[in-house]
1. Of the residues that make up segment 115-130, is at least one in contact with a Leu (Cβ under 8 Å, 6 or more places away or on another chain) and either modelled with pLDDT of 95 or more or not basic (Lys, Arg) (or both)?
2. Can you tell me which residue in segment 92-127 is nearest to residue 53 (Cα to Cα), limited to those that are among the hydrophobic types (A, V, I, L, M, F, W, C) and in contact with an Asp or Glu (Cβ under 6 Å, 6 or more places away or on another chain)?
3. Can we say residue 111 is surrounded by 13 or more Cβ atoms within 10 Å (Cβ to Cβ) and touching a Lys or Arg at 6+ places or on another chain (Cβ under 9 Å)?
4. State whether one or more residues within segment 18-27 are assigned to a loop (DSSP other than H, G, I, E, B) and at pLDDT 50 or above.
5. Could you tell me which residue of segment 64-102 is surrounded by the most Cβ atoms within 10 Å (Cβ to Cβ), considering only residues that are assigned to a strand (DSSP E or B), more than 13 Å from the chain's Cα centre (by Cα) and of a type in the set (Ser, Thr, Tyr)?
6. Only residues in segment 85-108 that are among the polar types (S, T, N, Q) count as the first member; pair them with residues that are at pLDDT below 95 and surrounded by fewer than 14 Cβ atoms within 10 Å (Cβ to Cβ), Cβ under 6 angstrom, at least 6 apart or cross-chain, and list the lot.
7. Picking from 59, 123, 135, 131, which residue would you name as being in a loop (DSSP other than H, G, I, E, B) and either in contact (Cβ under 8 Å) with a residue 24 or more places away in the chain or farther than 30 Å from residue 30 by Cβ (or both)?
Amino acid sequence: MNVIDLSAARISTFVFIALACVTLGCGGSGGPRLAAVSGTVTFDGEPLPNALVSFYHEDDRPSHGKTDASGLYELTYMADRPGAIVGKNVVRITVATVEGEGVAPQKELIPAMYNVDSELTVDVQPGSNADVDFDLKKSGGPG
């Protein structure tokens, strides 16, 4: 007859690994808590098309969305995960692009206070965050 030797150290190790998997979400979708975010971006009262809207939450990856011709955007955290991380996010909005194959570069038209030196923040709430709108001004002043 075979006897399985499970010492206290082995049992402790198994329990530790099991708890770590439950806590960290081993094998699950895991990741940060997200909420849907959408809205409109205008620049001096006019819809801002083709702008990249990015929400940055502390040291985690950002969520991004591109505005359409009407200035509407919806954020995506990852290809299969829409939304932005719940909590305080710094928002950066830009129209600048870099030159690439078949793409002409676009100069930044938006003041730095809305992108590289952003003064914009949003506290993303659980659930739906619709109508998170930004009215950017050429001469400054948070939107």
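The values are calculated or read from the model by the stated rules, or taken from the named source; none is laboratory data. Since the model is a prediction, treat every value here as computed from it, not as a measurement. Here the Cβ positions follow ideal geometry from the backbone for every residue, glycine too, while neighbour counts run over all protein chains shown.
1. Step one: filter segment 115-130 for residues in contact with a Leu (Cβ under 8 Å, 6 or more places away or on another chain), giving none.
No, that holds for no residue.
2. Narrowing segment 92-127 to residues among the hydrophobic types (A, V, I, L, M, F, W, C): 93, 95-96, 98, 103-104, 109-110, 112-113, 116, 120, 122, 124.
Applying the additional criterion that residues be in contact with an Asp or Glu (Cβ under 6 Å, 6 or more places away or on another chain) yields 96, 113.
Values: 96: 12, 113: 14 Å.
Checking each candidate, the answer is 96.
3. Working: surrounded by 13 or more Cβ atoms within 10 Å (Cβ to Cβ): yes; touching a Lys or Arg at 6+ places or on another chain (Cβ under 9 Å): yes.
Yes; evaluated as a whole, the condition is true for this residue.
4. The first filter runs over segment 18-27 and keeps only residues assigned to a loop (DSSP other than H, G, I, E, B), leaving 25-27.
Filter again for at pLDDT 50 or above, leaving none.
No, every residue in segment 18-27 fails to be assigned to a loop (DSSP other than H, G, I, E, B) and at pLDDT 50 or above.
5. Here is the first cut: in segment 64-102, the residues assigned to a strand (DSSP E or B) are 64-66, 72-74, 76-78, 81-82, 84-85, 87-94, 97, 100.
Now restrict to residues that are more than 13 Å from the chain's Cα centre (by Cα): 72, 94, 97, 100.
Of the ones still in play, those that are also of a type in the set (Ser, Thr, Tyr) are 94, 97.
Working: 94: 18, 97: 14.
Among those that are assigned to a strand (DSSP E or B), more than 13 Å from the chain's Cα centre (by Cα) and of a type in the set (Ser, Thr, Tyr), it is 94.
6. 97/105; 97/106
7. Working: 59 fails: either in contact (Cβ under 8 Å) with a residue 24 or more places away in the chain or farther than 30 Å from residue 30 by Cβ (or both); 123 fails: in a loop (DSSP other than H, G, I, E, B); 135 fails: in a loop (DSSP other than H, G, I, E, B).
Being in a loop (DSSP other than H, G, I, E, B) and either in contact (Cβ under 8 Å) with a residue 24 or more places away in the chain or farther than 30 Å from residue 30 by Cβ (or both) holds for just one of 59, 123, 135, 131, which is 131.
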